[in-house]
Amino acid sequence: AQSVAQPEDQVNVAEGNPLTVKCTYSVSGNPYLFWYVQYPNRGLQFLLKYITGDNLVKGSYGFEAEFNKSQTSFHLKKPSALVSDSALYFCAVRDLFRMDSSYKLIFGSGTRLLVRP
Amino acid sequence: NAGVTQTPKFQVLKTGQSMTLQCAQDMNHNSMYWYRQDPGMGLRLIYYSASEGTTDKGEVPNGYNVSRLNKREFSLRLESAAPSQTSVYFCASSEGQMRVYEQYFGPGTRLTVT
């Protein structure tokens, strides 16, 4: 079965510093990977996805993610953190749910990012 | 476009009561989903509808039923609420299943069962 793991419950960075939120995956076949962000009392918002091609994927709000097949990782990065980036971040992988080609997303447990001024 | 809307935003139920959570999307998406979010557990799929007229169980369907009323609307019903169903419920939609589409989420319903 496909799975993702987010090894850090919380990441703390200072505003202006680079940030990394880690995600590792376990899949059979080609991985289709996603990052979502959840601001307080809001639903999840799509940030970016990896399907194939370039290992560096660019997304919304200046975020990018690096796909590394040998390390089975898909870490989320941003060169310069903002206080407004403070939120809960979820990594997800698409999984074949049924043999009729229905798919579902499997989410990690989430990482809380706190950017201090 | 409102995107994905959910009602109500908050609800408190007593054990044994029933209620229906409503979800609608205006993006002409084919697929819709219901998730629950519990602390430290990410999101878990309750039910989904790959296309209008079809519904299927997800990972945690027990205690829930769904109705895909039309292409826009997908409701989740708790027939006899239990404290274990205290959670935040999210509806989501996507264009379909055959390509790698992202999902769009509603703002959530915070449900407390006492």
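The values are calculated or read from the model by the stated rules, or taken from the named source; none is laboratory data. Note that this is a predicted model, so its numbers are computed, not measured. Using ideal geometry, Cβ is built from the backbone for each residue, glycine included, and neighbour counts are taken over all protein chains shown. All accessible areas refer to the heavy atoms of the entire protein, side chains included, with ligands and DNA or RNA removed. Shrake-Rupley method; radii C 1.70, N 1.55, O 1.52, S 1.80 Å.
Numbers for the structure displayed
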{"quantity": "Identity of the residue in segment B:43-57, touching a residue at least 40 places away in the same chain (Cβ under 8 Å) and part of a loop (DSSP other than H, G, I, E, B), that ends up least open to solvent (accessible area, probe 1.4 Å)", "calculated": "B:A50"}
{"quantity": "Residue list for segment B:58-67, restricted to those being open to solvent by less than 60 Å² (accessible area, probe 1.4 Å) and either away from chain A (no Cβ under 14 Å) or among the hydroxyl-bearing types (S, T, Y) (or both)", "calculated": "B:G63, B:Y64, B:V66, B:S67"}
{"quantity": "Residues of segment B:105-114 classified as crowded, with 19+ Cβ neighbours inside 10 Å and either more than 9 Å from every other protein chain (Cβ to nearest Cβ) or more than 17 Å from B:Y35 (Cα to Cα) (or both), total", "calculated": "3"}
{"quantity": "Pick from segment A:60-86, criterion buried (at least 20 other Cβ atoms within 10 Å of the Cβ) and among the small types (G, A, S), ranking: farthest from A:L113 (Cα to Cα)", "calculated": "A:A65"}
{"quantity": "Filter result for the condition that a residue is among the β-branched types (V, I, T), surrounded by 12 or more Cβ atoms within 10 Å (Cβ to Cβ) and more than 26 Å from B:Y48 (Cα to Cα), over A:V4, A:V93, A:V57", "calculated": "A:V57"}
{"quantity": "Residues satisfying the stated conditions in segment B:70-104, i.e. more than 14 Å from every other protein chain (Cβ to nearest Cβ), touching a residue at least 60 places away in the same chain (Cβ under 8 Å) and part of a strand (DSSP E or B)", "calculated": "B:L78"}
{"quantity": "Top-ranked residue in segment B:14-39 [being open to solvent by 10 Å² or more (accessible area, probe 1.4 Å) and either among the aliphatic types (A, V, I, L, M) or assigned to a strand (DSSP E or B) (or both); ranked as farthest from B:L78 (Cα to Cα)]", "calculated": "B:M27"}
